[in-house]
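*Asks:* Here's a structure for you.
Please treat every number below as a calculation from the coordinates, not as lab data. Every value quoted in this text rests on a predicted model; they were computed, and no experiment measured them. Note: ideal-geometry Cβ built from the backbone for every residue, glycine included; neighbour counts use all protein chains shown.
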Amino acid sequence: MKRRKHIIVIFIVLVLVGIGEAIYLKRRNPARIETAEWWLARAMREFESDRTNACYRLIMETYAKAGNVEQAVATIEKIASDGQPSGVTQVIDSARDLLSDIGIGSRRRVGRQPLSKADLLATIARIQARNGDFEGALATAEEVVASGPQDWHLVRTYRAIARAQARAGDYDSAMQTAKSLREDYPQHARNVRSELIAILHAEKGDVAAARATIDAIESPSFQAVGSIAIILGKRGDRENYQTFMHLTEEGLSRRAGDNRRWLIANVSRTQAKAGDLAGASATMERIVDTNGRLIECVELGWWFAAVGNRKVSQMYYRLAADIAERIETTPEIAAVIADAHAGVGNIEAAMAVAEGITDATQRSRADHSIALALAEAGDFEGAQAHAERITDVRTLTAYRRIAKLQARAGRLSELLRWIAGLPTPAARGPAHIGAAEGIVDKNADEENPSVDAGEEKSK
């Protein structure tokens with residue numbers, strides 16, 4: 001009993017110290033907490049005692065989105081150094097290799113595999129391109145080249161830069177970037193080069209050239225053909241949009257095999273991205289299994305919410321909520337229904353469904369959705385309290401999202417106090433990253449106030 005009291009007292013003291021530090025830092029330099037860099041530096045400190053490459057990668061990406069490429073690259077170097085196994089780890093791995101050679105045990109590695117530097121640099125280049133820094137993106141792409149033979153990373157990088165240049169109206173530079181993909185790459189990379197050129201023709205409005213380029217490819221990917229369909233759909237070219245949607249479905253069919261649910265959901269996703277919401281909604285009716293259709297609608301609702309397209313996300317969640325009224329439930333389906341209600345903002349209905357879920361994993365899924373819905377509605381205290389009910393790793397994604405929305409709303413002082421009371425570095429770190437992401441989004445909103453909130457944002 002005494003031990004338990006001591007633990008409680010220690011926890012309370014730590015919380016008070018954290019809150020005091022937050023208040024002190026706020027008063028000492030109030031301007032700094034308005035920057036993403038301030039929060040990211042604190043996230044890095046949290047992960048010093050609980051290092052995970054995935055979190056470092058999020059920090060790197062957020063630095064890049066904030067325009068601080070120098071610090072993003074510095075984070076890459078930290079990822080690389082932290083990814084190197086220790087001397088003890090190397091000895092254990094060597095011993096396991098020897099034992100495996102004589103038939104005892106496996107070669108499971110103890111050392112964490114470091115993330116590819118080329119992959120991380122390529123990610124920075126793509127973010128720079130989305131931010132409109134084409135010169136910087138191309139310079140970073142050259143660093144990818146210098147890091148060694150990284151064909152696929154270069155393909156993805158130049159493709160992202162060219163698409164961003166075309167969207168900015170600089171078609172000549174976009175085509176020049178596309179042609180940076182060499183003809184001597186493997187077949188798949190050469191196909192991507194041709195597909196990218198076809199997409200750029202479509203961006204420019206030359207549908208005939210886009211079709212001719214696609215027809216010259218032996219087996220064009222459904223992603224490339226779908227990209228052209230999306231461009232044409234957004235432009236209102238209904239005839240050519242339908243033609244390319246037909247080609248997209250053909251490509252998806254080859255990939256899907258017997259998985260009809262996957263095929264139909266991806267056709268619907270492409271239609272929705274093209275702005276064809278009526279077509280996307282009608283396509284989902286082709287999923288005969290009602291439970292399967294419910295699950296796919298919620299998955300698509302989640303996906304469009306994650307990329308910032310609330311209008312489309314709400315459409316899929318509404319479809320799911322309509323289905324939920326006429327089916328029998330299992331714990332898994334009940335959690336999906338709670339997702340759907342929370343997605344359309346019907347939080348009371350989501351809570352009512354969640355109360356009846358006895359399975360811990362599915363209850364955590366429902367609580368996660370409710371916490372995010374409360375945060376979306378601006379009830380941050382309710383969201384924080386509900387996030388504490390989650391009993392699995394979803395807690396961390398909830399903390400990150402709640403912090404992001406709270407920072408975007410400008411409630412930084414309140415956010416500081418909440419994060420100070422979180423129990424572990426693994427909890428506080430994602431919350432700090434979320435705060436930085438919210439500040440980046442808030443700054444972007446202020447710089448581009450004319451952007452439609454319903455439009456999809458780059459991830």
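*Asks:* Run the dipole for segment 326-459 about the Cα centre, Lys and Arg Cβ at +1, Asp and Glu Cβ at -1, nothing else charged, and hand back the magnitude in debye, nearest 20.
*Replies:* 440 debye
*Asks:* Around Ile337, under 12 Å between beta carbons, what's the net of Lys plus Arg minus Asp minus Glu among the other residues?
*Replies:* -3
*Asks:* Count charges around Ala409 for me, please; just the other residues with Cβ under 14 Å from its Cβ, Lys/Arg as +1, Asp/Glu as -1.
*Replies:* That works out to -4.
*Asks:* Continuing with the same structure: Please give, to one decimal in nm, the separation of the simple spin-label points placed at Thr35 and Glu325, each 7 Å out from Cα toward the Cβ.
*Replies:* My value for the distance between the label points is 5.3 nm.
*Asks:* Could you tally the net charge around Ala209, taking each other residue with its Cβ under 12 Å from the Cβ of Ala209, Lys/Arg +1 and Asp/Glu -1?
*Replies:* Taking every Cβ under 12 Å from that of Ala209, the sum is -1.
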